[in-house]
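The values are calculated or read from the model by the stated rules, or taken from the named source; none is laboratory data. As the structure is a prediction and not an experimental result, all values here were calculated from the model. Note that we place each Cβ from the backbone using ideal geometry, even for glycine, and neighbour counts take in every protein chain shown.
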């Protein structure tokens, strides 16, 4: 029985779950992880990592097509879909195996199977198959899955209608694709398939693509997507799908009630995600659930003693790095450390399309809604020497400050490598930096990061290179 009693049991081995388990083990807790499929969760197996491998392939293919711009020649450029998918899966497998190694290193017990919860003495008991496990603390990190819209016939069939899973492992490259939803997942797949030569259409219910991003950044991205050949249909929703042997007819209604039909080979659903809260026994335990997500208190604690929830199952933002940090906060609170409640305002968001999108903090509109009088700085990629040398000089860095206090409220970027640049601004937000510290920071030359400096200077009328 000793092997079935733990201090901490984590249900789910994704970026939230395995990180929480590692931190628990570091703090001296006897720890177990229950995983029903693969360690690493959706992120490492079917999300963040394999999609970035696909997008890297698309980036290299794009550069090869523009070899002449760099004084190079590349003839008979082509690709092998099977090899592209294999590389993506190999990258994923390499990292998944690494998670297994980390579990062994930290002496964390890995229990394979699907978990359910029952009422327990100190915390809910965890049942996996015929075995029951107990712990003082049980952490839910069960993640989320793609949302579907059955009433419009928007359900994946693995053939004509795909979720991210099917879109990640195409057997052949479709000639035409319609993506429903223009958040990060939708736009990344739209960017990949468009770059690889498919005729891509994106349908978005809101009035602009990438609707959670700053409006100015969204508009610049949309302009670039259209220039690349994407068709963007906004303020519209899919009414129904008609499938035939070779194609799908997609009926789309706009805000004025006008309907158009687009015929494509494949449809990719990217209309959001919903937490994995079913078949766990949460209802019987009386766990509070709101709109498909388990409610917690900022430290991971649910309304049931000894039960915690982190990551995607605990609500937005649905990001791997949010889940990991939330897991660390949860475990450190359990250990009695003096930690701050988890907040989402300083979490950077990244979209790895072409051009890349990245942001942290408040948009200009949200800052004004919150009552701030704002100062806004902008610096275009075309004014940066490194961007010009890269042959990628289209983009913008935008910063938002409180006009009265100089508080750094947010940053929003579109362009080359901004998903790497954003961390500088994330640190600035975490340190509660003002414009003074940022203006007096020395940025290396020649780098793309210089634009981060110039954007701050621009907000205060001191920009140097435009």
**From the options 424, 377, 395, residue that is out of contact with any strand residue (DSSP E or B) (no Cβ under 8 Å at 6 or more places or on another chain) and not assigned by TED's automatic domain parsing to the domain that holds residue 224** = 424
**Request:** Working only within the stretch 230-242, note down all residues that are assigned to a loop (DSSP other than H, G, I, E, B), buried (at least 17 other Cβ atoms within 10 Å of the Cβ) and out of contact with any helix residue (DSSP H, G or I) (no Cβ under 7 Å at 6 or more places or on another chain).
**Result:** 234
**Message:** Can you find a residue that is surrounded by 14 or more Cβ atoms within 10 Å (Cβ to Cβ), part of a loop (DSSP other than H, G, I, E, B) and in contact (Cβ under 8 Å) with a residue 40 or more places away in the chain anywhere in the stretch 243-253?
**Reply:** yes
**Message:** I'm checking my understanding of the structure. Among residues of the stretch 370-395 that are touching a residue at least 60 places away in the same chain (Cβ under 8 Å) and under 18 Å from residue 460 (Cβ atoms), which one is surrounded by the most Cβ atoms within 10 Å (Cβ to Cβ)?
**Reply:** 379
**Asked** Within the bounds of the stretch 93-106, is there any residue that is outside any helix (DSSP H, G or I) and under 27 Å from residue 321 (Cβ atoms)?
**Response** yes
**Message:** Quick check on this structure: which one of 341, 284, 314 is surrounded by fewer than 21 Cβ atoms within 10 Å (Cβ to Cβ), touching a strand residue (DSSP E or B) at 6+ places or on another chain (Cβ under 9 Å) and either assigned by TED's automatic domain parsing to the domain that holds residue 31 or over 30 Å from residue 161 (Cβ atoms) (or both)?
**Reply:** 284
**Item:** Given (1) closer than 16 Å to residue 347 by Cβ; (2) out of contact with any strand residue (DSSP E or B) (no Cβ under 8 Å at 6 or more places or on another chain); (3) buried (at least 16 other Cβ atoms within 10 Å of the Cβ), number of the condition residue 430 does not satisfy
**Value:** (3)
**Request:** With the condition kept exactly as written, say whether any residue in the stretch 17-36 is surrounded by fewer than 24 Cβ atoms within 10 Å (Cβ to Cβ), closer than 11 Å to residue 95 by Cβ, in the same structural domain as residue 91 (by TED's automatic domain parsing) and at pLDDT below 95.
**Result:** no
**Message:** For the stretch 388-466, give me every one of the helices (runs of 4 or more DSSP H) that falls completely inside it and has 1 or more residues that are touching a helix residue (DSSP H, G or I) at 6+ places or on another chain (Cβ under 9 Å) and under 28 Å from residue 341 (Cα atoms).
**Reply:** 418-430, 435-439
**Among (1) within 24 Å of residue 359 (Cβ to Cβ); (2) crowded, with 17+ Cβ neighbours inside 10 Å; (3) more than 20 Å from the chain's Cα centre (by Cα) - the single one residue 170 does not satisfy** = (1)
